[in-house]
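The values are calculated or read from the model by the stated rules, or taken from the named source; none is laboratory data. Since the structure is predicted, the reported quantities are computational estimates derived from the model, not experimental observations. Quick reminder, even Gly has a Cβ in these numbers, built from the backbone with ideal geometry, and neighbours come from all protein chains shown. Areas reflect the complete protein model, heavy atoms only, side chains present, ligands, DNA and RNA absent. Shrake-Rupley method; radii C 1.70, N 1.55, O 1.52, S 1.80 Å.
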Amino acid sequence: MIPAGFEYHRPGDIESALSILTQHGDEARVIAGGHSLIPMMKLRLTDLSHLIDLQDIELLKGIEVAGGTVTIGAMVTQHQLINDQGLADAIPLIREGSLQIADPQVRYVGTIGGNVANGDPGNDMPGLMQCLGATYELQGPGGTREVAARDFYEAAYFTERAEDEILTRIRIPVPAAGTGYAYEKQKRKIGDYATAAAGVLIRIEGGTCADASIAMTNLSDTPVWSVAAANALIGTAVDATARQAAIAAAIDEIEPVADNRGPVEFKKHVAGVILGRAIERAASRAG
Amino acid sequence: MNDQTMTPEQRAANLKGMGSSRKRVEDVRFTQGKGNYVDDINLDGMLFGDFVRSPYAHARVTGIDAEEALKVPGVLAVITAKDLEPLGLHWMPTLAGDKQMVLADGKVLFQGQEVAFVVATDRYAAADGVEAVEVDYEELPVVVDPFKALEPDAPVLREDIRDRAEGAHGPVRHNNHIFTWEQGDKAATEAVLAEADIVAEEMVYYHRTHPCPLETCGCVASMDKVTGKLTLWGTFQAPHAVRTVASLISGIAEHNIRVISPDIGGGFGNKVGVYPGYVCSIVASIVTGKPVKWVEDRMENLMATAFARDYWMQGKIAATKDGKITGLWCHTTADHGGFDACADPTKFPAGFMNICTGSYDIPVAYLAVDGVYTNKAPGGVAYRCSFRVTEAAYFIERMIEVLAIKLGMDAAELRRINFIKADQFPYQSALGWEYDSGDYHTAWDKALKAVDYDGLRAEQVQRLEDFRAGKTRKLMGIGLTHFTEIVGAGPVKNCDILGLGMFDSCEIRIHPTGSAIARLGTISQGQGHATTFAQIIASEIGLPADDITLEEGDTDTAPYGLGTYGSRSTPVAGAATAMAARKIRAKAQMIAAYLLEVHDDDVEFDVDRFAVKGAPERFKTMKEIAFAAYNQAIPGIEPGLEAVSYYDPPNMTYPFGAYICVVDIDVDTGETEIRSFYALDDCGTRINPMIIEGQVHGGLTEALAIAMGQEIAYDEMGNVKTGTLMDFFLPTSWETPHYTTDHTTTPSPHHPIGAKGVGESPNVGGVPCFSNAVHDAFRPFGLTQSHMPHDHWRVWKTANRLGLHN
Ligand SMILES: Cc1cc2nc3c(=O)[nH]c(=O)nc-3n(C[C@H](O)[C@H](O)[C@H](O)COP(=O)(O)OP(=O)(O)OC[C@H]3O[C@@H](n4cnc5c(N)ncnc54)[C@H](O)[C@@H]3O)c2cc1C
């Protein structure tokens, strides 16, 4: 449980960080809270010679709510996400989800940027970001570009981000007023990744569902944002039949693997139960 | 108020003796981060050792190349079996009469086995060195199932002892067979089974788990070449035994070895055995002439140091139609892993598994245990229980439930009609034990009343109705357990470890000013010995507990003893403490009589003093007596006031308890919630109620972990699947339910203060209680047995199998 040796860099601005990253290529890696990266290094599953600590870069900090958009710096910790009242008012789903990540100790240092950039299917934020239709701003030697969270994840630990890019900010459209939300997660214990988790947004107009978004965590090698599941709700009263249809559609799209949390049949069943509960809670909050 | 005016009760309260919830004196340092653990020991020039471990569960080691490793800056040596062989140290004896490779000698038998020991100037260099050692393996077929291990064509795991006919515990019938241990009357039991009204049969599996103390195992070995003295600090639950074993293995004279157990961060049986890390550190220190530290990390601890349980217990229980048990039969297949490194008294290769008749008056019984080698880590230690007592308690408490189902009876009532009655003690069990004391009916009735058992059953009926009507998806289970433990090993006539009798000891010195120091052969790992043993002395000789220092764990200063595990400290060393205190009191009586100018028989002990009989105003306090022992020339009495006692207990002690818990189960997700837990413990005389409560809370939480999720799981290839705390369940305050504790007091008749030991009861009784609750919830749907741990997916699977998802 001791990592191999490495050089530690602590640049003060994004340009310096990028230049160190470019200089050392795949020998280098940025480190945010370190709570995904350091365990991998200690297990010697990740071997790198240069660690670039992002914590001194002001550009990557802060939460801003303006003009119908929330902008969150990559280095904002999960603890800060939970305790920012402006964010909780604008998008309460983020607080609800963040509170279900790991434990308080991890959340004090774990960042939203690290969580979404990591590409671990167990991370909760990627599903949440897909549910919310977030966009990631990536800055590389050639400039800045934006990638939708829904297009970002390719496979476990493989994302759209190029190795010489740094994720700087996350932009999230504030859901329409009255949108119901829920993040429901089954885990074995505090500090555990999801056995199954689901994020749901539901907007109800005149008793019928006008809009919905559904994403699931740790049930495939990427988060699963299911248009079909959402469509099964839209236009319905979100009654039991509609919920069952949404669940069936979502289960069709997930591909869980057996692990210590349980066999595939169990995970599929539980995914349905958890999603059903998330839909119910989100609908009950819509108004 | 002064000595003259205080009532005896006030004077007794001032002593903070037995019965007082005195605050733990240890906590002052622990809560301030001022403990002194092995890893806190840093010596000049100290080196660090780290292991190259096998990634395979079964493989031949065809080559070890250390060339690159030796080039890593800071790496000084890479030790392999070849280097240890000339010293005869490439294998070492285990506590169970087997031997174990210190470093891989031609092959490996489990994943995580020690292959080479890298010694370096710091921990990081050692880890880099480990990474650079190249080992060639040739994979061999893996056996992780003990039943398959005994099949005729199973691969031979232990080629070193291939084709032997006799093992350490009698004849063996297969290369992977370690022993058969039989107890009781086989013919009589089978006759009863053949003719019984009812026979319930079940396979009860108690899965493999791990004690997982917060502090992992480690040591610092320091060979002083000038004095020729080896000092060994380590996480040892039995420092004196470690010294003797170290002397026997290494050939260093025993007086030239000093073993010190500093503060220990939990042991739970994991720190009883001798590990390759200790041997390698000693060798490395002798070779380099420098102190060498080795501390394993969490994954190494879970993967390679001693596991617990892994018992497949096939049971048959016979009864009359109205539920009177007439016989018990048990055949256990015990998975011991690659080496037999169980920590049991020599004559008990399956520990005290023969306590498996439990709290019940069972006229005949038979037990056979087959020990088996597999490609898993060695161990089989008593994880917060006396040797295999948890397995035994789980077995009988499951069999009772299975019998209740077969009889269609309430399991509480079935227990009641079969309990050993209070007037049957001392009770001779069918499997050979003499239970010292107990009053099970009183405890049971108190427990049932406390939880409103009938009310709970009525609620459960209503819940079931609601469930069947589709009004809820949650089932309710009521878990019952009445356990009887056997602790305090033990009488030297039948209990020894490596030939060392399992007595224990205490030495007390009273200083002139009336304060004292006591040293014991045991070693606290969190049990609070410094608090409770001082209380025994306080009550026995009338000096305040706050004025008594307690020391353990240094073999140069403490009297010899067999250490702390198996709830033996209070039953054995606690008895020695009382006996040593009584020797002091006897001498104090003579001194007092001299000072008061009366005959010895004319003074009597009165809380903190000796007073003249019939004239309580004429007295000498213990403080005065202590001073007199040092400043008066008393004819016929030696100066000084100290005593030592080595206590060989006449019998074990038999704590018991009645536990009841209520669980709610979500059949759709398999999630469980412990709604309430009531624990009544009878540990005889209660020395410190607060410490008892703390021990019960801790033990119940371990029991919760074991029953509900904690396991060491292997895949078919022998890979450990639960090697980190992400997958190995260690509950936090979040998962821990509220516990209600209670007690009855039935003192042990043969123990000097009547105490029985309590540290392990909650683990022993808690596991069946949690498990029975889960089973009970599904009883109406036809469940008789489902194996632990009852984690989400297994509970879900049970519900699924019973058709509850349709
Ligand atoms: C015990 C435990 C339990 C946990 N449970 C959960 C859980 O339930 N749910 C959950 O979601 N997470 C969980 N986590 C993970 C935790 O939330 C991590 O903190 C998070 O996944 C990563 O954030 P970080 O800031 O620590 O990133 P790091 O570990 O520092 O980095 C993670 C990866 O992202 C890359 N990276 C980081 N920042 C950037 C950036 N700005 N641009 C480009 N790449 C970047 C790093 O190079 C690295 O590859 C758990 C962690 C632990 C230790």
Inset, instruction - Divide, for the stretch B:272-410, the radius of gyration over alpha carbons by 2.2 N^0.38 Å, where N is the residue count. - result: 1.39
Inset, instruction - Could you let me know the centre-to-centre spacing of the stretch A:92-128 and the stretch B:669-688, using Cα atoms, in angstrom? - result: 35
Inset, instruction - State the answer as a single residue: which of A:Phe266, A:Val238, A:Ala248 lies farthest towards the positive end of the charge dipole of the stretch A:180-285, with beta carbon charges of +1 for Lys and Arg and -1 for Asp and Glu, about the Cα centre. - result: A:Phe266
Legend entry - Bins of 10 Å, starting at 0 and running to the largest distance - Cα pair percent for the stretch A:58-173: 14, 51, 31, 4
Inset, instruction - Mind pulling the per residue volume of the convex hull built on the Cα atoms of the stretch A:7-53? Å³ is fine. - result: 62
Legend entry - Most positive-pole-ward Cα, B:Ala125, B:Val767, B:Thr798, against dipole of chain B from beta carbon charges: B:Val767
Inset, instruction - Report ³J(HN,Hα) in whole Hz for each residue of the stretch A:36-47, in order, from the Karplus equation J = 6.51 cos²θ - 1.76 cosθ + 1.60 where θ = phi - 60°; Gly and Pro get x. - result: 10, 6, 5, x, 5, 5, 5, 7, 6, 8, 10, 10
Inset, instruction - Could you name the aspartates and glutamates whose alpha carbon sits less than 17 Å from that of B:Lys756, not counting residues in the same chain fewer than 8 places away? - result: B:Glu434, B:Asp436, B:Asp439, B:Glu485, B:Asp504, B:Asp648, B:Asp681, B:Asp682, B:Glu693, B:Asp742
Legend entry - Ranked order, A:Lys187, B:Lys271, B:Lys471 - accessible area, probe 1.4 Å, largest first: B:Lys471, A:Lys187, B:Lys271
Legend entry - Cα-centred dipole magnitude for the protein assembly as shown, charges only on beta-carbon of K, R (+1) and D, E (-1), debye, nearest 20: 1720
Legend entry - Threshold 40 Å², the stretch A:244-286 residues less accessible with all protein chains present than alone (1.4 Å probe): A:Asn260, A:Glu265, A:Phe266, A:His269, A:Arg277
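Quick one: accessible area per residue over the stretch B:622-661, 1.4 Å probe, rounded to a whole number of Å²? Walk me through the numbers on the way to the answer.
Details: 1670 Å² over 40 residues.
The answer is 42 Å² per residue.
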Legend entry - Mean Kyte hydropathy of 1.6 or more with a Cα span along the axis of at least 27 Å, helices from DSSP in chain A: none
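Return one whole number: the accessible area per residue of the stretch A:58-173 in Å², for a 1.4 Å probe. Kindly include the intermediate steps, with their values, before the conclusion.
Details: 4390 Å² over 116 residues.
In whole numbers, the stretch A:58-173 has 38 Å² accessible per residue.
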Legend entry - Nearest-10 value in Å² for the accessible area of B:Met726, using the 1.4 Å probe: 60
Legend entry - Estimated dipole of chain B in Debye, rounded to 20 [Cβ of Lys and Arg +1, of Asp and Glu -1, Cα centre]: 860
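For the stretch B:1-83, what % of the accessible area comes from carbon and sulfur atoms, probe 1.4 Å?
Numbers: 2440 of 4770 Å².
Roughly 51 percent, rounded to a whole number.
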Legend entry - MRE, 222 nm, helices only [DSSP H, n ≥ 4, -39500 (n - 2.57), over chain B, to nearest 500]: -8500 deg cm²/dmol
Inset, instruction - Work out from phi, with θ = phi - 60° and the Karplus expression 6.51 cos²θ - 1.76 cosθ + 1.60, the ³J(HN,Hα) of each residue of the stretch B:600-614, listed in order in whole Hz, and give x for Gly and Pro. - result: 3, 6, 8, 10, 9, 6, 9, 6, 10, 7, 10, 10, 5, 4, x
Inset, instruction - Could you name every residue in the stretch A:1-16 that has 30 Å² or more less accessible surface in the full protein assembly than in its own chain alone (probe 1.4 Å, ligands and nucleic acids excluded)? - result: A:Met1, A:Ile2
Legend entry - Solvent-accessible area of B:Leu43 with every protein chain in place, 1.4 Å probe, in Å² to the nearest 10: 60
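Could you look at the stretch A:58-173 and say what percent of its accessible area is carbon and sulfur, using a 1.4 Å probe and all protein chains? Could you put the intermediate results ahead of the total?
Numbers: 2100 of 4390 Å².
Within the stretch A:58-173, the accessible surface is 48 percent carbon and sulfur.
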Legend entry - Reduction of at least 30 Å² in accessible surface, 1.4 Å probe, comparing all protein chains with the chain by itself, residues of the stretch A:172-216: A:Gln186, A:Arg188, A:Lys189, A:Ile190
Inset, instruction - Over all alpha-carbon pairs in chain B, figure out the percentage whose distance exceeds 49 Å. - result: 21
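Return one whole number: the accessible area per residue of the stretch A:7-53 in Å², for a 1.4 Å probe. Kindly include the intermediate steps, with their values, before the conclusion.
Numbers: 2400 Å² over 47 residues.
It amounts to 51 Å² per residue over the stretch A:7-53.
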Legend entry - Under 12 Å from the Cα of A:Lys61 - aspartates and glutamates, other chains or at least 8 residues apart: A:Asp13
Legend entry - Residues whose placed amide H lies under 5 Å from that of A:Ser220, excluding near-sequence neighbours: A:Glu255
Inset, instruction - With the full set of protein chains in place, find how many percent of the accessible area of the stretch A:180-285 is carbon and sulfur; take the probe as 1.4 Å. - result: 50
Inset, instruction - Rounded to whole Hz and in sequence order, give me ³J(HN,Hα) for the stretch A:207-216 from the Karplus expression 6.51 cos²θ - 1.76 cosθ + 1.60, θ = phi - 60°, writing x for Gly and Pro. - result: x, 10, 6, 8, 7, 8, 8, 9, 9, 10
Inset, instruction - Give me the accessible area buried between chains B and A, both sides summed, with a 1.4 Å probe, in Å² rounded to the nearest 100. - result: 2200
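Would you kindly work out the equivalent ellipsoid of the stretch A:180-285 from its C-alpha gyration tensor and give its semi-axes, the square roots of five times the eigenvalues, largest first in whole Å? Intermediate values should be presented prior to the final figure.
Values: eigenvalues 117, 35, 22 Å².
In descending order the semi-axes read 24, 13, 10 Å.
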Legend entry - Cα centroid of the stretch B:585-615 to Cα centroid of the stretch B:94-155, whole Å: 64
Legend entry - Separation of alpha-carbon centers, the stretch A:1-76 and the stretch B:528-549, rounded to whole Å: 56
Legend entry - Whole-number percent relative contact order across chain B, with pairs defined as alpha carbons under 8 Å at least 6 apart: 16
Legend entry - List B:Glu68, B:Glu26, ordered by accessible area with a 1.4 Å probe, largest first: B:Glu68, B:Glu26
Inset, instruction - Check cross-link reach from B:Lys613 to the lysines: straight Cα distance under 28 Å, and skip same-chain residues fewer than eight apart. - result: B:Lys16, B:Lys583, B:Lys587, B:Lys623
Inset, instruction - Would you calculate a helix-derived [θ] at 222 nm for chain A, using -39,500 (n - 2.57) for each DSSP H run of n ≥ 4 and dividing by the full residue count, to the nearest 500? - result: -10000 deg cm²/dmol
Legend entry - Under-5 Å amide H pairs with A:Ala196, H placed in peptide plane, nonlocal only: A:Gln186
